[in-house]
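> One structure is given below, represented as structure tokens, and several questions about it will come after.
The values are calculated or read from the model by the stated rules, or taken from the named source; none is laboratory data. These figures come from a predicted structure and were not determined experimentally. We place every Cβ from the backbone using ideal geometry, glycine too, and count neighbours over all the protein chains shown.
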Amino acid sequence: MITLNILCLILSLCQSIPRPAAAAQAQPEKISSHVLLVVIGGLRLEDLNKADGLGLRIPALRSLRTRGGHAVSVDGVYPSTTLPSAATIATGLLPADHGIVEDAPLIDQRSDLSILKIKTDTLWNAAKRNGYSVASLGFPLTESVELDFNLRGPVTDDLKTGALMKLIEQGLPNLVLLHYASFETAQRRYGIRSKQALAALETIDGDLLKIIEAIEKSSKAGQTTYLVASDHGAMAIESVFKPNVVIERKGWLTLDGRGQVKSWRAVAHCFGGSAAIFVRDQNDSAEIEKVFQEYHQETDSPVWRVLNAREIAQLGADPRAVLYLDAAPGFAMSGAATGSRTGSADDRSASGYLPSRSEMRAILILGGRGIKPGSKIEYARLTDIAPTVSRLMGLDMHTARGRVLSEVIVN
């Protein structure tokens, strides 16, 4: 018979035996050894859906969408501009979490408003941590990152394609991040659905076709998964609204001799179709909100929405802002602080608006290894891309808020 003392000793020894790591920390099973993630800047879901009516020749995107899976709609982030969107794609987190809340820092003495660095785990970090090779070809926010291949600096889309073709010949890295910017540039300069913008998209599609065909003829044939996304959409604009003019007339900011902001009690930082309002003293928040709510209530107002701190938090936008202004259709926001409060726009289109607006809807197409043919995602978010890539590659990336798009992945 086992005595009480011996039983207590056995129980004590059992408690000291190391246990397996919790299931939440387990590394998922790998589905694909190679992933090519392509982001086309500014491509609207609406334009992809109306490709036939626009006469677009985009066989690569059509083929991937038909043979693989696609999202019916994709929600972006706020503001819906390049860097916050790219950081969300790379982390699966909202701007308030990963720290990239703007495309350019507010010019100010406060260092906390001028840091553009991802503060959380990224796809490239997770891939390197798991022993994978990683290449970036113009992907935003990777300029200072040490990768196996990193095409840095302002390079054209054709140079990115050429560099990737050489990488395919030499041996495709496990994770390739490719960002195409020419479509968004043409769209901003010449307008939504302009012949120049559509031609740029067709060129990108032609490059994608060459890349996919080269991979499928290489040793990585059948081993690669393809994800093609856009970071945000775009809206046609004709005019701009200048919130800093309104603030300057209130006497809450001063200008230097060149019309630049010299000092401020309140200031607007503008991102295309939106503007974040900052105040030095939080006690001024209610008064500055009242000022812009009055503009919002005007007939034909250039301000479509005034978002308060609660709404900002729900969107995961910059928590330091006391307000966000979202521009009315046809308007973008300008950071200028001189002249009239409205004026003519230099660009023909802008991004940065609320991601819920139909013009801001992005695309997501998946194909290749591990993707169910003809599958569909009813609703996706940019935050879902990183978790999905992680699942495909078996990465140990557990910080993302998004979900794995399991409905398009082969079980």
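> Would you mind finding the one in V404, V389 that is at pLDDT 95 or above, surrounded by 24 or more Cβ atoms within 10 Å (Cβ to Cβ) and over 12 Å from G69 (Cβ atoms)?
On inspection, the qualifying residue turns out to be V389.
> Something else: Kindly establish whether I377 is surrounded by fewer than 23 Cβ atoms within 10 Å (Cβ to Cβ) and at pLDDT 95 or above.
Against the criterion (surrounded by fewer than 23 Cβ atoms within 10 Å (Cβ to Cβ) and at pLDDT 95 or above), I377 qualifies.
> Against the definition (crowded, with 22+ Cβ neighbours inside 10 Å, under 25 Å from the mean Cα position of the chain (by Cα) and within 16 Å of E248 (Cβ to Cβ)), how does I277 come out, yes or no?
Against the criterion (crowded, with 22+ Cβ neighbours inside 10 Å, under 25 Å from the mean Cα position of the chain (by Cα) and within 16 Å of E248 (Cβ to Cβ)), I277 qualifies.
Residue-wise test of (1) surrounded by fewer than 16 Cβ atoms within 10 Å (Cβ to Cβ); (2) in a helix (DSSP H, G or I).
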{"site": "A186", "(1), (2)": "no, yes"}
{"site": "L198", "(1), (2)": "no, yes"}
{"site": "L208", "(1), (2)": "no, yes"}
{"site": "I212", "(1), (2)": "no, yes"}
{"site": "A221", "(1), (2)": "yes, no"}
{"site": "T225", "(1), (2)": "no, no"}
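> Let me ask something else about it. How about the range 369-408: which of its residues are in a loop (DSSP other than H, G, I, E, B), under 22 Å from Y78 (Cβ atoms) and touching a helix residue (DSSP H, G or I) at 6+ places or on another chain (Cβ under 6 Å)?
Those that are in a loop (DSSP other than H, G, I, E, B), under 22 Å from Y78 (Cβ atoms) and touching a helix residue (DSSP H, G or I) at 6+ places or on another chain (Cβ under 6 Å): A400, R401, G402, R403, L405.
> Does R361 count as among the basic types (K, R), modelled with pLDDT of 95 or more and either under 18 Å from V228 (Cβ atoms) or surrounded by 15 or more Cβ atoms within 10 Å (Cβ to Cβ) (or both)?
The answer is yes for R361.
> Which one is nearest to the chain's Cα centre (by Cα), of the residues in the range 164-184 that are surrounded by 17 or more Cβ atoms within 10 Å (Cβ to Cβ) and farther than 22 Å from A386 by Cα?
Within the range 164-184, the first condition is being surrounded by 17 or more Cβ atoms within 10 Å (Cβ to Cβ), and the residues that meet it are 164, 167-168, 172-184.
Subset that is farther than 22 Å from A386 by Cα: 167-168, 182-184.
Numbers: L167: 25, I168: 26, S182: 17, F183: 16, E184: 14 Å.
Among residues in the range 164-184 that are surrounded by 17 or more Cβ atoms within 10 Å (Cβ to Cβ) and farther than 22 Å from A386 by Cα, the one nearest to the chain's Cα centre (by Cα) is E184.
> Could you figure out which of (1) under 26 Å from A276 (Cβ atoms); (2) among the basic types (K, R); (3) touching a helix residue (DSSP H, G or I) at 6+ places or on another chain (Cβ under 8 Å) isn't true of K117?
K117 satisfies every listed condition except (3).
> Of everything in the range 42-65, what is over 20 Å from A181 (Cα atoms) and in a loop (DSSP other than H, G, I, E, B)? Give them in sequence order.
K50, G55, listed by residue number.
> Taking interchain pairs and intrachain pairs at least six residues apart, which have beta carbon atoms under 7 angstrom, with the first residue in the range 297-323 and more than 23 Å from V240 (Cβ to Cβ) and in the same structural domain as T81 (by TED's automatic domain parsing) and the second of a type in the set (K, R) and loosely packed, with under 15 Cβ neighbours inside 10 Å?
Filtered contacts from the range 297-323: no entries.
> Test each condition in (1) surrounded by fewer than 15 Cβ atoms within 10 Å (Cβ to Cβ); (2) under 20 Å from the mean Cα position of the chain (by Cα); (3) within 30 Å of E216 (Cα to Cα) for P59 and report the one that comes out false.
That leaves (2) as the condition not met.
> Kindly indicate whether G251 is buried (at least 22 other Cβ atoms within 10 Å of the Cβ), outside the structural domain of L64 (by TED's automatic domain parsing), out of contact with any Lys or Arg (no Cβ under 7 Å at 6 or more places or on another chain) and small (G, A, S).
So G251 fails the test.
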